[in-house]
1. Just list whichever of K210/K382; K234/K349; K210/K325; K325/K382; K234/K382 have alpha carbons separated by over 24 Å in the model shown.
2. Hey, with R₀ at 56 Å, roughly what FRET efficiency would T242 and I144 work out to, going by the Cβ-Cβ distance, to 0.05?
3. State the extension gain, in nm to one decimal, for the chain segment bounded by R290 and A225, taking 0.36 nm per residue of separation less the distance between their alpha-carbons.
4. Once the Cα gyration tensor of the range 300-380 is found, what semi-axes does its equivalent ellipsoid get, as square roots of 5 times the eigenvalues, in whole Å, sorted largest first?
5. Could you give me the ³J(HN,Hα) list for the range 295-300, computed from phi with Karplus coefficients 6.51, -1.76, 1.60 and θ = phi - 60°, whole Hz, x at Gly and Pro?
6. Normalising by the residue count of the range 300-380, find the relative contact order in percent from Cα pairs under 8 Å and 6+ residues apart.
Amino acid sequence: MFVSRLSNRSPACQLSCGELPREAGPQRQPGRLHPEPLRSEQSQPQAEPSAANVPAAQSPPAAPSVTPSPSATPAPPAKPVRRSLLQAARDFLAFLDNGRVDVPYEARQELRRQHLAELRAAVADAERREQHERQGSTLTEVLIAVLILSLGVLPIMSLFVVGTLRMARATQLTQATVLRYNAEAFIDLYPALIGDPDTDGDTAEHAGEKYVVDPYGWIFAPTPAAQGVFGNVKRYCCGRTTEALADEIFTSPDTETPRTYTWLLTARKTAAAGPGLSYAADVDIVVCFRRAFGSQDDERVYAATFTNGSADVPVSYSTTAGSPKPHVQRGGFIFDADNARWYRVAGVKEPAAGSITVTLETPAIVSSPAVAAGGGHAVAMKGVVDVWPVGVKSALGTAVK
């Protein structure tokens, strides 16, 4: 660009560089100073020209010929572009000041202005060309960037999923804990919930009995025969025969959807008691999340064998079409339907079709009935958030208000 600009310069500029033959004109008079003293003139006095040492015609000096070496590597262009062009401008101005003392001051000023204007235009041209000639990213570079981004983003996205599940679980445990304390307060307020679950006033009839206080299960039972049975133990409603009465005690009032969190009681009566006397029962509070009311599969009874001191429980199920498989998973709960006890599941194995082995988090406390007496049974209910053993509750048997 710079070479092309210089080739189109004005005749005066070409004349000053020796590219055109110089015409006859007024010469610098001996003994007179130029209007603008040059640095070369200030440093060295000018000798008086004579006829012997003044040449008749001045020809441009021949440029020295340089033969490039075959092994020489061309130097890369200087960066940035603005710096190289401005350096050329400084060299040209030094040439005007030091090399051409016979050029009039006005001509030198004109040549300087023309050359600076050309350099400014060349700089602007070079900058525009450099912006337009910038190359974009290749497809390979884009694919590598996408690969690096995916390697960093995918693990973070998986953490979001795990975090969401953990947060939902934490919310369930928080609500279940609050509901558990509400249930324990209701037991202390209405002791007949465990002392007289059928509200007939007779507490002695339940001595040594194992039963479940579950109004919602009683109300939404699929058949009348299923109302009074939960697994192989009795189920009572404690006088809460309608949804409105059950909602007063057995659900959380803080949730937007009714009956999102509900609770039930399992009781094992340990002491005989007569009317108006004290009684005692070992009580567990069970909190459920979105329980499937009225589902036969949710309370389906499977053959199982619990052995005292053993954590392994073999469970059998039917492999015929339409028969559901027990809903047992790690972290869930399984119910000993003969002894009314809940156990947390630590692991599940399926050695063969129609049989699974459930590993309990703690060994079983009571063994199942012998096979001759009907064998053991288990219920794997969905939606159980947690089970809290609150220990033995004892008080005076009073009617539920």
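Computed from the coordinates by the stated procedures, all read-outs in this text should not be read as laboratory data. Since we're looking at a predicted model, the values are computed, not measured. All Cβ positions, glycine included, derive from the backbone under ideal geometry; neighbour counts span all protein chains shown.
1. Among K210/K382; K234/K349; K210/K325; K325/K382; K234/K382, the Cα-Cα distance tops 24 Å for K234/K349; K210/K325.
2. Numbers: r = 68 Å, r/R0 = 1.21.
Once the sixth-power term is evaluated, E becomes 0.25.
3. Numbers: separation 65, 0.36 × 65 = 23.40 nm, distance 2.38 nm.
Gain on extension, R290 to A225, equals 21.0 nm.
4. So the three semi-axes of the range 300-380 are 18, 15, 11 Å.
5. Couplings: 8, 5, 5, 5, 10, 5 Hz.
6. Relative contact order, the range 300-380: 42 percent.
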